[in-house]
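Notes follow the structure.
The values are calculated or read from the model by the stated rules, or taken from the named source; none is laboratory data. Computed from a prediction, not measured in an experiment: that's the story for all the values here. For neighbour counting, all protein chains shown are included, and Cβ atoms are generated from backbone atoms with ideal geometry for every residue, glycine included. Calculation scope for accessible area: heavy atoms of the full protein, side chains included, ligands and nucleic acids excluded. Shrake-Rupley method; radii C 1.70, N 1.55, O 1.52, S 1.80 Å.
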Amino acid sequence: MNQETKKRGWLREGDDGFTLIELLIAIVVAGILTTVAIVGIGSLADNGKSSACKATADAAKAASAVYYANNDSAYPANFTAMISGGELDNSAGLTDGGLTLKNGTKWTVTMTAGSGNTAPTFTCS
């Protein structure tokens, strides 16, 4: 072992660190991983929004059945009728125009009133 190797410790002669190619490969790999993570996070937000809309539609469907039982076999014409009758909890701020969430995203639960003994239908958008 020569004097220079002893001074540098664990490095051998000619080991000066990473090459430019190695650094570029590391940067490209980090960029690919970052892209995959960003795309994944975006789809998670969309899934959450969709699930929240479907849960609200299911709650409104159940509330319409309770409204039917409480109001002489008549289905509600809109969300406001169920909210004012106490069948539908409105702590989230649901209106006949949809629901605006705290983070500013908006989705709409649409109610199509049934006729006669036909229950209303609910769709998300």
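See the values below:
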{"read-out": "Members of region 19-34 found to be of a type outside the set (D, E, K, R) and open to solvent by 80 Å² or more (accessible area, probe 1.4 Å), listed by number", "value": "Leu20, Ile21, Leu23, Leu24, Ile25, Ile27, Val28, Ile32, Leu33"}
{"read-out": "Flag for Ala65 being among the hydrophobic types (A, V, I, L, M, F, W, C), assigned to a helix (DSSP H, G or I) and either at pLDDT below 80 or within 16 Å of Thr123 (Cβ to Cβ) (or both)", "value": "no"}
{"read-out": "Lys102 vs. criteria at pLDDT below 75 and either surrounded by 15 or more Cβ atoms within 10 Å (Cβ to Cβ) or among the basic types (Lys, Arg) (or both)", "value": "yes"}
